[in-house]
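What follows is calculated from the coordinates using simple rules that are stated; it is not laboratory data. In this text the structure is predicted, and so the values were computed from the model without any measurement. Because the Cβ atoms are built from the backbone with ideal geometry, glycine has one as well, and the counts that use them run over all protein chains shown.
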Amino acid sequence: MLTVSTPGKRVCLPLRQIESRLRDIIKSNGTICVGLLDSENGSPAEAAKIAARVEMCGAKAILVGGSTAVDQIELEDVVKTIKKTVTSPVILFPGNVTGVSPSADAIFFSCLMNSDNPYFITEAQALGALAIRKYNLEAIPMAYLIVGDGGAAGFIGRAKGIPPQKPALAAMYALAAQYFGMRFLYLEAGSGADGKVSSAMIGAVRKVYEGTLIVGGGITSPEAAETASKAGADVIVVGTMLENGDFEPVLKRICNVISRK
Ligand code: 1GP
């Protein structure tokens, strides 16, 4: 814990522990896979069971979030229960101010850069920042870019989706994220998307962006994960596939194929 003195007041800022841990794993492992759980899908006990299975397959972190998650009490229950069953970091992936929960290890403090509504670019962040400070959560600054229609995230976030066939536009936003000092960038095709983020787009972003590059949306096979990894993704997010009963064989292969041997 880093203690910062301010006149008349002492403020504690969490060190970048989770961020450093993720970077270290990526450095030694190669691309990593993380599992995304929607806090509103099932009970806390069910979420915790899935999280444990995801971890057993080789995923390196559990994200908890959802574009339409509004029940903070339920979210806190889910996070607490997951934390009892896994040793991997549990990171919040909020779609709104209701996505902040005190028991998580960190939060992706994300800016939906290509929203046409300022609420999703800076206003929700300003409101949520107070809770993040109160809970002493580690905030990981992240640019969130929606590609194509982006599914529910695109709809709720009023995204002006980046045309999938225009990698240069994604690179332009990525460079802006770089200059803003955002240390993580998430290229999002949307939960359950038919069309994944293309390797051309991932590659174009990788060329200009030096931070940790996350890619998600519609990735359900080792082949798709490997393609994203080879194009430059540091982190692959899988969510929807975890809703299928028997996801372990495919998830194990995903984790295996993207890690550097
Ligand atoms: C959604 O990118 C994530 O925000 C994961 O997408 O649910 O399609 O795996 P899927």
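At-a-glance table
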{"read-out": "Label-point separation, E123 to S221 (7 Å along Cα→Cβ), nm", "value": "4.2 nm"}
{"read-out": "The stretch 28-102-the stretch 200-240 distance, computed between alpha-carbon centres (Å)", "value": "20 Å"}
{"read-out": "FRET efficiency estimate (nearest 0.05) - Cβ-Cβ, Q72 to K49, R0 22 angstrom", "value": "0.50"}
{"read-out": "Principal axis dimensions, largest first and in whole angstrom, of the stretch 31-258 by Cα", "value": "43, 41, 27"}
{"read-out": "Dipole of the chain, positive direction: furthest Cα of Q17, S110, T87, with charges on the beta-carbon", "value": "Q17"}
{"read-out": "Residue-span extension gain [K27 to D116] - 0.36 nm each, minus C-alpha spacing", "value": "28.5 nm"}
{"read-out": "Gained length - K230 relative to T87, 0.36 nm times residue gap less alpha-carbon distance", "value": "48.7 nm"}
{"read-out": "Fewest-first sequence of L92, L130 by Cβ atoms within 10 Å of each Cβ", "value": "L130, L92"}
{"read-out": "Peptide ranges 48-57, 234-243, 67-76 listed from the most packed, as the mean C-beta count within 10 angstrom indicates", "value": "234-243, 48-57, 67-76"}
{"read-out": "Relative counts (whole %) of C-alpha pair distances in the stretch 79-122, using bins that are 10 Å wide", "value": "27, 43, 22, 9"}
{"read-out": "Coil-residue GluC sites (Glu not before Pro) of the stretch 183-223, DSSP, other Cβ within 10 Å capped at 14", "value": "E210"}
{"read-out": "Mean separation of Cα contacts under 8 Å, 6 or more apart, over the residue count of the stretch 70-166: relative contact order %", "value": "25 percent"}
{"read-out": "Proxy reagent accessibility, fewest Cβ within 10 Å first, across R253, R133", "value": "R133, R253"}
{"read-out": "Extension gain (nm, one decimal) between F180 and F155, 0.36 nm per residue minus Cα-Cα", "value": "6.5 nm"}
{"read-out": "Rounded, prolate or oblate (a/c below 1.5 giving rounded, otherwise prolate when a/b exceeds b/c) for the stretch 36-89 by Cα gyration tensor", "value": "prolate"}
{"read-out": "Too-long pairs where the Cα-Cα distance tops 18 Å, listed order kept, from K60/K134; K60/K83; K27/K49; K27/K80", "value": "K60/K134; K27/K49; K27/K80"}
{"read-out": "Within the stretch 31-258: Cβ-based charge dipole about Cα centre, in debye rounded to nearest 20 (Lys, Arg +1; Asp, Glu -1)", "value": "600 debye"}
